[in-house]
Amino acid sequence: MADNVTDKMNISVCDMPDGNGLTVEHMPDFLLKEGLDNCAPHTHYFYEILWFQEGNGTHTIDFVDYEVRPDTIFFISPGQIHHFDRPHGYRGVTIKMCKSLMKDSADTCALFMKYDVFHTFDSTPYYYITPDTAAALHTLVGQIEEESGRNGAFGNAEVLESLLRILLVKIIREGRKGGSRQLSSAKPSHILFIRFRKAVEQEYAKLHTVQEYASMLNVSQRTLYNCVSECADMSPLSFINGRIMLEAKRLVRYTNMLIKEIAFTLGYEDPSYFVKLFRRHTGYLPSDFREADNV
């Protein structure tokens, strides 16, 4: 299998949306697009919202199978590896957005939209919505699709950003995040946790200790421990290692990089230490994980 992992990762890699940086497509049409195999593991480098309006099945994201049922909305971040159980039997819509439409901001609302909706490796990547919410979102998606066709018009990018922001706010307000506790932008501890999640997402390949992140966030290790325990039911170190190991699993399974190259990429100068860490967290040696089909 190791000889094929690079090809597996590159199957059905979506192209970066062009023009104004946003495209709206519909199911099942985009799942059946000629030359693409969305049932094979693939990754892409933009953000994607997948709203399954009809159909039941399985959507696999980063080695975890999630149930698809009507009015489930999934959020896919750049670098995540996902695939569908089949191309038929679904109706819905997908919105693909360039990274520029999800740029970082100091604004608390924007921070939550990016790091409590998309970059959430530690929690479930989907929301359930009610029929009433679905009706409101259907109108919004129609407006987004209409505006996406006005590339070059005055204020086009600004209108798209505003409509996307409204869409995400309504999903956060009115949806139910599957299997995860809901965080609140009104609670200081929850804001700190989102800032920590952002920091780990940006620095996991360089910073590996709780002290480094506590210093970066200008809080004590105890404060950070209490915050992460409250919001994620794990310690900050477990959270940090979890993000590192997710990336390690992606690279081991879906690239042909040497194990020592993966170790260096993730900030470990001693490949043998990385191998021990990988085995402790996954139960597999990296070489065995690369060849396994059922994990």
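The values are calculated or read from the model by the stated rules, or taken from the named source; none is laboratory data. Values in this document were obtained by computation on a predicted structure and should not be read as measured data. Neighbour counts run over all protein chains shown; Cβ positions are idealised from the backbone, glycine included. For accessibility, only protein heavy atoms count, side chains too; no ligands or nucleic acids. Shrake-Rupley method; radii C 1.70, N 1.55, O 1.52, S 1.80 Å.
Computed quantities for the displayed model
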| item | result |
| --- | --- |
| Within region 70-117: Cβ-based charge dipole about Cα centre, in debye rounded to nearest 20 (Lys, Arg +1; Asp, Glu -1) | 240 |
| Simple Cβ-charge dipole of region 69-190, Lys/Arg +1 and Asp/Glu -1, about Cα centre, in debye nearest 20 | 300 |
| Residue pairs, from the table Lys114/Lys177; Lys99/Lys187; Lys114/Lys170; Lys103/Lys170, whose Cα atoms sit over 21 Å apart | Lys99/Lys187 |
| Relative contact order [Cα under 8 Å, 6+ residues apart], the chain, whole percent | 17 |
| Kirkwood hydrodynamic radius of region 64-214, from inverse mean 1/r over distinct Cα pairs, in Å | 17.1 |
| Charge dipole (debye, nearest 20) of the chain; +1 at Cβ of Lys and Arg, -1 at Cβ of Asp and Glu | 920 |
| Accessible-area ranking of Ser162, Ser77, largest first, probe 1.4 Å | Ser162, Ser77 |
| DSSP loop GluC sites (Glu not before Pro) with at most 10 other Cβ within 10 Å excluded, longest remaining stretch of the chain | 35-268 |
| With DNA, RNA and ligands ignored, accessible area of Arg86 (1.4 Å probe; Å², nearest 10) | 80 |
| Three-way shape call for the chain based on the alpha-carbon gyration tensor, with the a/c threshold at 1.5 | oblate |
| Accessible heavy-atom area order of Phe118, Phe154, highest first, probe of 1.4 Å | Phe154, Phe118 |
| Estimated [θ] at 222 nm from DSSP helical runs (n ≥ 4, -39500 (n - 2.57)) normalised by residues in the chain, nearest 500 | -13500 deg cm²/dmol |
